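The values are calculated or read from the model by the stated rules, or taken from the named source; none is laboratory data. These numbers were taken from a predicted model, which means no experiment stands behind them. Glycine gets a Cβ as well: all are built from the backbone with ideal geometry, and neighbour counts include every protein chain shown. With ligands, DNA and RNA removed, areas are computed over all heavy atoms of the protein, side chains included. Shrake-Rupley method; radii C 1.70, N 1.55, O 1.52, S 1.80 Å.
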Amino acid sequence: MKRIFLTGASSGIGLAIAQPLIAQAHEVWGTSRNPKRIPEMPGLHPLRLELTDAHSIEEAFDRATAEAGHIDVLLNNAGRGHFGPAELLSQEDIVNQFQILVFGHAQLIRLALPAMYARGSGLILNVTSLASRLPVPFMAAYNAAKAAMAAFTMSMQLELTNSHVHMVDLQPGDICTAFNDAVNKKAPHDSRYEAKVAKSWKVIDHNMKVAPAPELVARHVLKLIDRTDPPPRITVGDTFQTKIAPIIFRFLPQRLRIWGLKKYYGI
C-alpha cells in the first residue's frame, strides 16, 4: 500500500487515477479547490488546495503528511487553461497559468523531496502535456507553462542525489475529459483573429471528444508506481499524437513544424 498525494482529484484525469488506486488498496490524499466535489470513497481523503496560494499548498501537504505518516508518491496533476490570442492575454492570465502549472507544483516537489530522501525512496509524477512539444494555437500560456514544467522536471532528473527517488514527466496528448469546458476563453475582440480562433477551437474540441478516455492515463500511473526504475518520460494518448507526430517533428526545421501545425488546425 502506497500513500499518494494527488492534485486535481475531483474530476478528469485526477479522478480517473484516484479510483483504481484506492481499488488496489492504496491511500490517496486528493486535492481540489472545492473538496466537496471529490466523491466520497474509502481510501480517498479530500483536501482543499489552491495552487495560487503558497500557504494553502503548504497547509494541504502538511495535513496529508500528518495523516499519512509519509507520502510515497506525489502526483502533480491539477491544471486549467486559457484560450485566446497570446498578444491579448493579460499579465494576470499568464501569471495565473504559470502559478498553477509550474510554481504551485514546484513548491509541492520541494516539500516532498526532503522526506523522500530521508526514507530513501519516493516517486514524483509531473503531468505535463504533449503541448509542451506540439503547441496548441491560442493556448500560448498553457503551452509555455507545460513546457516549463517539463524542462524543470528534466533538470531535476539530472540533479536528484538519491537513486531510489524518481521523477517522471508524464505527457498526455488529447484525453477525453471535461477540461475544455473549464477553459477560460478570451474573446479576441479583433477581426484578425476571429476566423482562426473559431477554426482552431473546432479542431481542439473535436479532438478532445474523440480522444482516449482518462482511464488510459490511470493504467499507466498504476504501472509506474509499482516500478523500481520508472522511465523519465512517457507519453499517453492516441498513436498519431504520441508516437508518430513527435518523431516527425523531431527532424523537421521550425518553419515546417509551424506549417504542419497550421495545416492541422486549419489556420
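A few remarks follow.
- Helices (runs of 4 or more DSSP H) lying entirely in the range 181-267 (those with 2 or more residues that are more than 22 Å from I13 (Cβ to Cβ), more than 16 Å from the chain's Cα centre (by Cα) and among the basic types (K, R)): 191-209, 254-265
- Residue list for the range 1-16, restricted to those being open to solvent by less than 20 Å² (accessible area, probe 1.4 Å), part of a helix (DSSP H, G or I) and of a type outside the set (A, V, I, L, M, F, W, C): G14
- Pairs, first open to solvent by 80 Å² or more (accessible area, probe 1.4 Å) in the range 251-267, second of a type in the set (V, I, T), C-beta under 8 Å, six or more apart: Y264/V203
- Residue list for the range 223-250, filter: surrounded by 15 or more Cβ atoms within 10 Å (Cβ to Cβ) and closer than 25 Å to A25 by Cβ: L224, I225, P230, I234, V236
- Matching residues, the range 206-222, being surrounded by 13 or more Cβ atoms within 10 Å (Cβ to Cβ) and more than 27 Å from L123 (Cα to Cα): N207, M208, A211
- Counting only residues that are closer than 17 Å to P137 by Cα and touching a Ser or Thr at 6+ places or on another chain (Cβ under 6 Å), the range 173-222 holds 1 of them.
- One residue alone among T65, T31 is β-branched (V, I, T) and either out of contact with any Lys or Arg (no Cβ under 8 Å at 6 or more places or on another chain) or on the phi > 0 side of the Ramachandran plot (or both), and that residue is T65.
- Candidates are the residues of the range 17-46 that are in a helix (DSSP H, G or I) and more than 20 Å from D72 (Cβ to Cβ); the one that is least open to solvent (accessible area, probe 1.4 Å) is P35.
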